[in-house]
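Peer 1: Okay, handing you the structure first.
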Amino acid sequence: MIQLENIIFLIVAALGIGLFVWQIRKIRKNILIGRDVDRSDNPSERINKTLLVAFGQQKMFKRMLPAVLHLFVYVGFLVINIEVLEIMIDGIFGTHRVLGFLGPFYDGLMAVNEILAALVIIACAIFLWRRNVTKVPRLATGVEMRAWPKMDANVILITEIVLMFALFAFNIADLKLAALNNHTLPGTFPVSSSFVNIFGNDAGTLATIASVGWWIHIIGILAFMNYLPSSKHFHIIMAFPNVYFSKLWPKGKFTTNPAITHEIKAMLDPSYQPPAPEMDAEGNPIVQRFGAKDVEDLTWKQLMDSYTCTECGRCTSVCPANITGKLLSPRKIVMDTRDRMEEKGEHPAIFAPNHYKELGVERVKTTDEKTLLRGYITPEELWACTTCNACVESCPVNIDQLSTIMDLRRYLVLEESAAPASINAMFTNIENNGAPWAFPSSDRFNWAEELYVPSKN
Amino acid sequence: MEENKRLVKVPTMAEMAANGEEPEVLFWVGCAGSFDDRYKRVTRAFVQILEHVGVKYAVLGTEESCTGEPAKRAGNEFLFQMQAITNIEVLNAYNIKKIVTACPHCFNTIKNEYPDLGGNYEVIHHSTFLQQLINEGKVKVQGGEAFKGKRITFHDSCYLGRANDIYEAPRDVLAALDADLVEMKRSRANGLCCGAGGAQMFKEPEPGNKDINIERTEEALATLGTGNGVIATACPFCMVMMSDGVKNKEQEESVKVFDIAELIAQAEGLSK
């Protein structure tokens, strides 16, 4: 029977989902600021990769303890969502445990749910401990790990724990009520049945607890969903498309700019006809910057990377530059990209970009330029990179930090000629001698002089 | 043994083409292999192996030029493409099909970045090439027992390893020696960079509290333990960085840095 409660639920759910859709549209718009890049090739290979890396959590297992704990939360998230579906249906139609007709399957589902919910609580508690008490360095340090990202992580973990407790409160009260009324509740509840008496025997109180537990869980989920676009926790959605669209070729292959190829070919061969430049809507040729100065110079995939980042710091913890005290932190590059994109484009419900200067961070010598380069990311960071791909290898959601670092570096060199002097000297050597060192090219074959091998007879 | 040796005349592509011949494989020497005194020894060791097994090879000699790799990693796409397009013209004019190189940076660039600019070749790194020679029985490593009990640790090159997923070939080559192979904690996909990639070779490090090669050398030395040992590399930049690291730690008497080709040439009795 549909009552006032169901109508309220319907309104709350519609508001929650509507707000979420509104935020997703903003994020889509932000990502589409980026340059176009074709990642529609090889769908079967991409699906395989998504199954392994995103669904299968393959790269998480480089570190066992967090991988196992994260697996509990991840599987818990996937499975408990089936119960959320039931909660939605119950909420709209005033039914009670509508999926109960599934019989033994429902029993199994509820049992698995309860065990997972308990494991989620344990895992989140350990995660809180690691962040706030033992302070695992990659989670607790770094100039990019300012107040907001730290709070964000704690908000999520505490919310997850509260949601699980609400679920248990609902189940325990529901179970006790059924026992008092002498009817059997569909489902098996291995955890709740052990605590079935904790709320006493008063039917009225129990009904209130069940109802409050139910409402906290459902409102919690809607609120959580709307918090996601502002949070590192957005990875629970973005990880899947981001892995699907990740690069399939060897990590050592950097992009080639075809505009430069045409320019060189025309230089070497005056009869070479470069293709006509692309035109914008008004018929003016689109002149793209070489490299990236700001977010619109990056590709949509690089911008999507920044929305996928979980700020776990695996990349930074394996970065040779960061390990040896340099300013470069691949995680910072990705987080700065997201901040700058939201500053320049749309921003979700909660918006807290990191302006290092305002926060009194001395080491990052940003300028007042309203661009990703220098306004957020400094040349010092970019020049510290050894392009070793350790960050890319370590990322559980296939973010390509290195491609962004390279595009920013390209802008410094190609548009500003702002390379360090010794790098410019290397360029000159290549131009003049065909080698990065100042040796004459006529000496290139001198190594072969006076070379002997034992004769075979 | 002095009398039983012969002078090697390294064949160039220009000579081969003049005689209407084509090599099985072009040996791309690279700038470090051509100019760096330490890495020239690796080039020579590798040529000794090529001569020893009788592979029909050639080099470009003075026609070779930088692949453009350091320019590209430093952000100078223009200079990179200038170099690449010029090199591809030379390679295509000689109808080159297969290239072997002892430099992972040249290897990565020619293999992965030249195809977009019209250069399509079968490119293999010398670690894979040596692995094949050993597997085919062409290199027998009969002097491998000289390495018995010697501790060797292999330092992964980023541009061989993570960049191109080649982890086993250099290890298989080293396994042919009768040595005690030990792995550093950070190895294979988790290997730590020597600090020279991305054009760092050509500049001073940015401000920090340690040099990357020192961090890596400390790890290698701890893995080798006390006594004599070898840090094996398969990249000219790693060679420089690790050698400098060992010198910095004043361990150059007991710990030597060798390229895998040098170790095989030694074991094969081709060089000392």
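The values are calculated or read from the model by the stated rules, or taken from the named source; none is laboratory data. Just so you know, these numbers come straight off a predicted model, no measurement behind them. Ideal geometry is used to build each Cβ from the backbone, glycine not excepted, and the neighbour counts take in all protein chains shown.
Peer 1: Looking at the range A:107-145, which of the residues that are assigned to a loop (DSSP other than H, G, I, E, B) and without any contact (Cβ under 8 Å) to a residue 60 or more places away in the chain is surrounded by the most Cβ atoms within 10 Å (Cβ to Cβ)?
Peer 2: Of everything passing the filter in the range A:107-145, A:Val136 is surrounded by the most Cβ atoms within 10 Å (Cβ to Cβ).
Peer 1: Give the number of residues within the range A:35-50 that are surrounded by 11 or more Cβ atoms within 10 Å (Cβ to Cβ) and out of contact with any Lys or Arg (no Cβ under 7 Å at 6 or more places or on another chain).
Peer 2: The qualifying residues number 7.
Peer 1: Just need a number here: residues in the range B:233-272 that are part of a loop (DSSP other than H, G, I, E, B) and either under 19 Å from B:Ala199 (Cβ atoms) or within 13 Å of chain A (Cβ to nearest Cβ) (or both).
Peer 2: So the first thing to find is which residues in the range B:233-272 are part of a loop (DSSP other than H, G, I, E, B), and the list is B:234-235, B:249-254, B:268-272.
Right, trim to either under 19 Å from B:Ala199 (Cβ atoms) or within 13 Å of chain A (Cβ to nearest Cβ) (or both) and you get B:235, B:268-272.
The number of residues fulfilling the criteria is 6.
Peer 1: Just one of A:Asn30, A:Asn48 is modelled with pLDDT of 95 or more and touching a helix residue (DSSP H, G or I) at 6+ places or on another chain (Cβ under 9 Å); which is it?
Peer 2: A:Asn30
Peer 1: A further question follows. Taking the conditions exactly as written (out of contact with any helix residue (DSSP H, G or I) (no Cβ under 7 Å at 6 or more places or on another chain) and closer than 30 Å to A:Glu393 by Cβ), does A:Pro258 satisfy them or not?
Peer 2: Considered against the rule, which asks whether it is out of contact with any helix residue (DSSP H, G or I) (no Cβ under 7 Å at 6 or more places or on another chain) and closer than 30 Å to A:Glu393 by Cβ, A:Pro258 comes out as yes.
Every residue, every condition in (1) part of a helix (DSSP H, G or I); (2) more than 8 Å from chain A (Cβ to nearest Cβ); (3) crowded, with 16+ Cβ neighbours inside 10 Å, yes or no:
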| residue | (1), (2), (3) |
| --- | --- |
| B:Ala169 | yes, yes, yes |
| B:Leu192 | no, no, yes |
| B:Ala196 | no, no, yes |
| B:Lys210 | no, no, no |
| B:Glu215 | yes, no, yes |
| B:Glu218 | yes, yes, no |
| B:Leu221 | yes, yes, yes |
| B:Thr226 | no, yes, no |
| B:Val230 | no, yes, yes |
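Peer 1: Still on this structure, please answer the following. If I ask for residues that are within 14 Å of another protein chain (Cβ to nearest Cβ) and surrounded by 18 or more Cβ atoms within 10 Å (Cβ to Cβ), which ones from the range A:227-255 would you list?
Peer 2: A:Lys251, A:Gly252, A:Phe254
Peer 1: Is it fair to say A:Lys344 is surrounded by fewer than 20 Cβ atoms within 10 Å (Cβ to Cβ) and either in contact with a Ser or Thr (Cβ under 6 Å, 6 or more places away or on another chain) or in the same structural domain as A:Val143 (by TED's automatic domain parsing) (or both)?
Peer 2: Criteria not met by A:Lys344.
Peer 1: Restricting the range B:17-71 to residues that are over 19 Å from B:Leu7 (Cβ atoms) and of a type in the set (S, T, N, Q), which is surrounded by the fewest Cβ atoms within 10 Å (Cβ to Cβ)?
Peer 2: The qualifying residue surrounded by the fewest Cβ atoms within 10 Å (Cβ to Cβ) is B:Asn19.
Peer 1: For the range B:108-135, give me the residue count where each residue is acidic (Asp, Glu) and in contact with a helix residue (DSSP H, G or I) (Cβ under 6 Å, 6 or more places away or on another chain).
Peer 2: Summing the residues that are acidic (Asp, Glu) and in contact with a helix residue (DSSP H, G or I) (Cβ under 6 Å, 6 or more places away or on another chain) in the range B:108-135 gives 0.
Peer 1: Could you give every pair whose Cβ atoms fall below 8 Å, whose first residue belongs to the range A:71-90 and is closer than 18 Å to A:Ala239 by Cα, and whose second residue is among the charged types (D, E, K, R), counting only separations of at least 6 or pairs across chains?
Peer 2: Taking only residues 6 or more apart or on different chains, the pairs are A:Val73/A:Glu160.
Peer 1: Turning to a different aspect of this structure: Looking at (1) in a loop (DSSP other than H, G, I, E, B); (2) crowded, with 17+ Cβ neighbours inside 10 Å, which is the only condition A:His96 fails?
Peer 2: In the conditions (1) in a loop (DSSP other than H, G, I, E, B); (2) crowded, with 17+ Cβ neighbours inside 10 Å, A:His96 misses (2) alone.
Peer 1: Name every residue in the range A:14-54 that is farther than 25 Å from A:Ala292 by Cα and touching a Leu at 6+ places or on another chain (Cβ under 9 Å), in order of residue number.
Peer 2: Listed by number, the residues that qualify are A:Leu15, A:Gly16, A:Ile17, A:Leu19, A:Phe20, A:Gln23, A:Asn42, A:Glu45, A:Arg46, A:Lys49.
Peer 1: Turning to a different aspect of this structure: Out of the range B:72-88, which residues are more than 7 Å from chain A (Cβ to nearest Cβ) and within 22 Å of B:Met13 (Cα to Cα)?
Peer 2: B:Ala84, B:Thr86, B:Asn87, B:Ile88
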